[in-house]
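The values are calculated or read from the model by the stated rules, or taken from the named source; none is laboratory data. Being a predicted model, the structure only gives us computed values, none of them experimental. Quick reminder, even Gly has a Cβ in these numbers, built from the backbone with ideal geometry, and neighbours come from all protein chains shown. These area figures cover heavy atoms from the full protein model, side chains too; ligands, DNA and RNA do not enter into them. Shrake-Rupley method; radii C 1.70, N 1.55, O 1.52, S 1.80 Å.
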Amino acid sequence: MTVIAVFNQKGGVGKTTTTLNVAASLALLDRKPVVIDLDPQAHVSLALGVRNLQSSATTAAFFRDHIPLDRVMRRLGNQIRLLPGHPDLSKIDALLGATPGVAGTLKRGLDASLAWDDAPILIDCAPALGVLSLNALYAADRVLIPVTADYLAIQGLNRLDLALNVLEGPLKRRIQRRVVLTRFDETRPLCREALASLKSRYGDNLCDTRIPDDPALSESPAHGMDIFAYSADSPGAHDYRLLTMELLSKGFFQ
Ligand SMILES: Nc1ncnc2c1ncn2[C@@H]1O[C@H](COP(=O)(O)OP(=O)(O)OP(=O)(O)O)[C@@H](O)[C@H]1O
Ligand SMILES: [Mg+2]
């Protein structure tokens with residue numbers, strides 16, 4: 001298994017859209033991806049058409065009641081295996097925040113289960129660096145960081161880099177990061193400036209593929225569908241297919 005945390009503590013930068021559609025693209029390539037929803041908003045679960053679950057059937061129960069991870073796994077029609085989220089995840093910080101070793105809970109849970117084979121596992125994180133995101137970062141082999149091309153988002157990225165650097169200490173390893181520009185509009189000077197500054201800072205760790213706005217990407221979740229099921233010929237489907245191929249070709253999922 002290769003574990004990818006899709007993380008940025010800034011909200012609304014395209015974490016969920018990226019998790020959903022990279023996973024869907026991997027599924028179409030028969031890579032049998034797993035999506036773990038660690039966001040109390042449970043947006044990726046909703047976008048995959050999984051809603052109104054009891055919290056006992058979700059990742060909240062894994063953290064709260066020590067239910068094995070494979071017990072909450074669902075096989076979806078689009079070949080994604082989903083470990084759904086639930087609003088009760090918002091209580092995990094208060095419940096477990098002070099427990100020693102709590103950040104390793106998800107990693108231990110994944111290691112204890114044999115159900116993953118060599119599956120790519122994508123974790124959709126909440127826009128906060130709390131206990132849940134720490135668990136995602138501890139479990140992750142790599143971090144995929146969606147970022148929008150605006151000043152505040154780039155500022156947020158500085159903080160994120162610092163936080164990841166600090167985490168590398170206790171983890172005793174480098175946290176590999178790959179940044180992907182979302183909601184990108186190359187006609188806007190601000191976007192072009194952001195691209196240049198990210199390119200000089202991240203070099204090859206900035207994805208060549210950029211994701212522009214496409215209304216179909218924001219519509220598909222309302223139908224409980226990924227972009228390929230909703231509109232396979234849309235620009236958004238093309239872009240997420242391209243991003244997935246780029247990540248695969250650069251060994252991101254190995
Ligand atoms: N490329 C895009 N084109 C059009 N709409 C997009 C695109 N990317 C994201 N959106 C929309 O922008 C909003 C925020 O995206 P998304 O939910 O993926 O961000 P997020 O980082 O997961 O947010 P949060 O931090 O709240 O979890 C959503 O309504 C989504 O549909
Ligand atoms: Mg999200």
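Numbers for the structure displayed
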read-out	value
Leu206 long-range amide H proximity, modeled H, under 5 Å	Val179
Residues whose placed amide H lies under 5 Å from that of Thr148, excluding near-sequence neighbours	Thr182
GNM flexibility winner over the chain from Ala61, Ala42, Ala94 (Cα, springs under 10 Å)	Ala94
Relative contact order for the chain, counting Cα pairs under 8 Å that sit 6 or more residues apart, in percent	27 percent
Accessible surface, the range 2-249, averaged per residue in Å² (probe 1.4 Å)	44 Å²
Cβ-Cβ FRET estimate between His66 and Asn158, R0 fixed at 51 Å, reported to 0.05	0.90
Fluctuation leader among Pro120, Pro215, Pro146 - the chain, Gaussian network, Cα springs under 10 angstrom	Pro215
Which of Ser218, Thr58, Ala232, positive extreme of dipole for the chain (C-beta unit charges)	Thr58
DSSP-loop trypsin sites (Lys or Arg not before Pro) across the range 134-199, with at most 11 other Cβ within 10 angstrom	Lys172, Arg173, Arg174
Label point distance in nm, Arg51-Asp93, each placed 7 Å from Cα along Cα→Cβ	2.6 nm
Charge tally in the Cβ shell below 11 Å around Leu38, where Lys, Arg are +1 and Asp, Glu are -1, Leu38 excluded	-2
Cα gyration tensor shape of the chain, rounded if a/c is under 1.5, else prolate or oblate by comparing a/b with b/c	oblate
Dipole in debye (nearest 20) - the range 2-249, about Cα centre, beta carbon charges: Lys, Arg +1; Asp, Glu -1	600 debye
Net charge of Cβ neighbours under 15 Å - reference Val166; Lys, Arg +1; Asp, Glu -1	+3
Extension gain, Ala222 back to Gln176 (0.36 nm per residue minus Cα-Cα distance, nm)	13.3 nm
Residue with peak Gaussian network fluctuation, the chain [Cα springs, cutoff 10 Å], from Ala24, Ala194, Ala222	Ala222
Dipole of the chain, positive direction: furthest Cα of Ile92, Leu198, His43, with charges on the beta-carbon	Ile92
Antiparallel DSSP beta bridges within the range 2-249, as percent of all bridges there, nearest 5	5 percent
Whole-percent carbon and sulfur share, accessible surface of the chain, 1.4 Å	54 percent
Kyte-Doolittle at least 0.5, axis length at least 30 Å by Cα - qualifying DSSP helices, the chain	151-171
